[in-house]
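Structure first, then comments.
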Amino acid sequence: MDLTYRSTRGDRTAYTASQAVLKGLASDGGLFVPDQLPRLDKSLEELQGLSYQELAYEVMKLFLTDYTEEELKACIAGAYDEKFDTPQIAPLVEKHGAFYLELFHGATIAFKDMALSILPHLMVTAAKKNHAEHEIVILTATSGDTGKAAMAGFADVPGTRIIVFYPKDGVSPVQERQMVTQKGNNTYVVGIRGNFDDAQTGVKKLFGDQALAGELAAAGFQFSSANSINIGRLVPQVVYYVYAYTRLRAAGQLKEGEPMNVVVPTGNFGNILAAYYAKRLGLPIAKLICASNENKVLYDFFRTGCYDRNRDFILTTSPSMDILISSNLERLLYLAGGQDAEDNAARMRKLNQTGSYQVTEELRRNLEDFYGNYASEEEVKEQIARVFREEGYVLDPHTAVASCVYDKYAAETGDHTKTVIASTASPYKFTRSVMEAIAPENAGGEDFALVDELSALSGVPVPQAVESIRTAPVLHDRTCGVEEMKATVKEILEI
Ligand SMILES: *Cc1c(COP(=O)(O)O)cnc(C)c1O
């Protein structure tokens with residue numbers, strides 16, 4: 001029996017997994033979710049000996065039920081190959097009282113590669129399976145990492161084009177350089193004069209624009225999404241939590257059935273939702289610790305039950321978490337509220353109209369697996385310095401937010417359950433912030449000089465992803481205002 005995917009907002013149309021991947025976002029603006037969450041069909045003992053690729057198949061087949069074994073295995077083989085700089089794909093490193101799950105060994109040195117190296121394969125396969133007639137236009141808003149990882153995946157993939165919107169003044173210099181030097185005849189990069197929420201809201205609006213959809217279809221195009229609103233982004237992220245558990249079991253760090261905690265530096269709530277899906281699959285996860293930076297909407301939400309985006313948007317040193325509207329929270333609340341689409345749609349309308357909503361006490365009781373906290377900019381800097389001083393291990397600012405929140409959690413609760421911290425980016429992506437924390441006296445130079453300083457100091461070689469953009473020519477210089485996003489898309493597609 002195939003799993004059925006439907007919108008979180010009441011449209012009852014049923015989609016297969018491949019149709020949901022292809023469409024990205026439901027027609028009523030909701031997100032696709034499976035009618036019921038699957039369970040692992042093999043024991044953890046059986047999964048323990050598997051390679052990352054083999055395990056990926058065992059996990060993803062449970063969600064992507066209408067892909068054949070051959071199709072799914074081909075997608076996995078095409079994604080998790082030498083593009084990653086280690087055959088383990090996602091290695092675990094024990095430091096500072098926790099296990100850091102390094103998710104930054106892919107082509108663009110951030111965790112988005114874990115899902116975006118496979119999404120193009122899943123999408124092209126979905127287009128074939130469903131006899132899609134139109135060329136796919138991937139429309140993506142990025143807080144810095146998704147855009148590059150998505151373009152790296154979709155560049156020159158036949159039958160696709162990709163348009164990326166990023167906040168012009170809201171990403172790190174390495175992130176921006178990675179994007180504007182992107183090759184590929186089908187890639188388009190646009191800096192918007194606004195923040196990430198503006199970019200994401202603008203993209204969602206374009207998805208919901210029926211008139212535009214008509215014009216696109218007439219010209220032979222259809223939109224899809226590479227953001228974590230696409231279920232094809234979430235499913236591959238479930239894999240590495242299962243992998244982390246099996247690695248800890250194999251290393252004798254966990255006894256049979258012993259639970260682990262996970263800490264996730266969170267922005268759009270995709271990565272931590274994947275950990276929650278892993279728990280629902282049957283993986284022994286105790287607490288899901290949601291770590292925020294100073295844009296601490298989620299911390300406030302878990303504490304009070306009130307989601308309130310009416311506040312200043314703060315630009316921090318962890319820009320990929322500078323988000324006030326965490327899209328994937330909608331999927332969690334839909335589940336926690338007993339899959340009541342009407343209720344959920346009402347919350348989302350309220351968010352849209354007033355910028356906030358309150359959930360019921362009953363719903364809140366279903367969120368007890370989660371713990372939220374946040375780290376200030378000063379704390380993040382201190383954490384990077386402390387872990388480097390004590391362990392010689394360099395954290396990027398996003399991972400440092402998680403590391404700091406974990407220390408707060410352990411101090412507050414005395415819970416010493418073995419803990420996995422999702423390490424979401426290489427420190428080389430945020431060299432200046434990292435250098436300001438560990439060697440402020442040497443943090444004054446230009447960006448690529450700092451890269452060399454960091455390498456000398458940490459003994460970690462400069463990743464290929466950074467070497468390759470040092471001298472690469474700038475190929476994209478388009479910018480637009482928030483109001484001009486639609487016109488810009490039409491101009492790019494010449495419609
Ligand atoms: C995207 C990103 C995050 C946030 O992940 P979400 O799935 O949006 O919660 C954290 N760290 C880094 C480095 C990222 O690129």
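The values are calculated or read from the model by the stated rules, or taken from the named source; none is laboratory data. Predicted model only: the values in this text are computed from it and were never measured. Here Cβ is always computed from backbone atoms with ideal geometry, including for glycine, and neighbour counts include all displayed protein chains. Note: areas computed on protein heavy atoms with side chains; ligands, DNA, RNA excluded. Shrake-Rupley method; radii C 1.70, N 1.55, O 1.52, S 1.80 Å.
What the table below lists for this structure:
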read-out: Cβ-Cβ FRET estimate between LYS168 and SER376, R0 fixed at 22 Å, reported to 0.05; value: 0.30
read-out: Using a Förster distance of 45 Å, the FRET efficiency for ASN185-GLU361 (Cβ separation, nearest 0.05); value: 0.25
read-out: Check: the chain dipole with +1 on Lys, Arg Cβ and -1 on Asp, Glu Cβ, in debye; value: 700
read-out: Pairwise label distance in nanometres, GLN353 with ILE314, each label 7 Å out on the Cα-Cβ vector; value: 3.1
read-out: Spin-label model distance (nm) - GLU45 vs SER455, 7 Å beyond Cα toward Cβ; value: 4.8
read-out: Label zone at ARG470, where the point sits 7 Å out along the Cα-to-Cβ direction: the stretch 414-429 residues whose backbone N lies under 18 Å; value: 427-429
read-out: Cleavage-rule hits (GluC sites (Glu not before Pro)) in the stretch 372-451: DSSP loop, at most 16 neighbouring Cβ within 10 angstrom; value: GLU446
read-out: Cα convex hull volume per residue for the stretch 269-334 (Å³); value: 92
read-out: Candidate residues ARG161, ARG365: accessible-area rank, largest first, probe 1.4 Å; value: ARG365, ARG161
read-out: Those lysines that a straight Cα-Cα span of less than 29 Å connects to LYS418, excepting residues fewer than 8 apart in one chain; value: LYS42, LYS61, LYS95, LYS112, LYS255, LYS279, LYS287, LYS296, LYS381, LYS408, LYS429
read-out: Rounded, prolate or oblate (a/c below 1.5 giving rounded, otherwise prolate when a/b exceeds b/c) for the stretch 383-495 by Cα gyration tensor; value: oblate
read-out: Alpha-carbon centroids, the stretch 157-180 and the stretch 242-263: separation in whole Å; value: 36
read-out: Volume of the Cα convex hull of the stretch 174-313, divided per residue and given in Å³; value: 196
read-out: Apportionment of accessible area to carbon and sulfur, the stretch 142-244, percent (1.4 Å); value: 50
read-out: Value of Rg/Rh across the stretch 229-388 [Cα atoms, Kirkwood radius]; value: 0.98
read-out: Accessible solvent surface per residue of the chain, calculated while the other protein chains remain in place, 1.4 angstrom probe, Å²; value: 37
read-out: Global form of the stretch 89-134, assessed from the alpha-carbon gyration tensor, a/c cut-off 1.5; value: prolate
read-out: Shape metrics for the stretch 96-227, restricted to C-alpha atoms - Rg then Dmax, Å; value: 15.5, 57
read-out: Largest to smallest accessible area among ARG389, ARG432 [probe 1.4 Å]; value: ARG389, ARG432
read-out: Enclosed volume per residue, in Å³, of the convex hull spanned by Cα atoms of the stretch 1-121; value: 147
read-out: Accessible area of SER172 in the full protein assembly, 1.4 Å probe (Å², nearest 10); value: 10
read-out: Carbon and sulfur %, accessible surface of the stretch 315-369 computed with the full protein complex present, 1.4 Å; value: 42
read-out: Rounded FRET efficiency, nearest 0.05, which uses the C-beta distance separating ASN130 from ASP340 and R0 of 35 Å; value: 0.75
read-out: Gyration tensor (alpha-carbon) shape descriptor, the chain, a/c threshold 1.5; value: rounded
read-out: Under the Karplus curve 6.51 cos²θ - 1.76 cosθ + 1.60, θ = phi - 60°, whole-Hz ³J(HN,Hα) for the stretch 391-397, x wherever Gly or Pro sits; value: 10, x, 10, 9, 9, 7, x
read-out: Diffusion constant of the stretch 388-438 at 10 °C, which comes from Stokes-Einstein with the Kirkwood Cα-pair radius and 1.306 mPa s, µm²/s; value: 133
read-out: Backbone N under 18 Å from the GLU258 label point (7 Å along Cα→Cβ), restricted to the stretch 276-292; value: 283-287
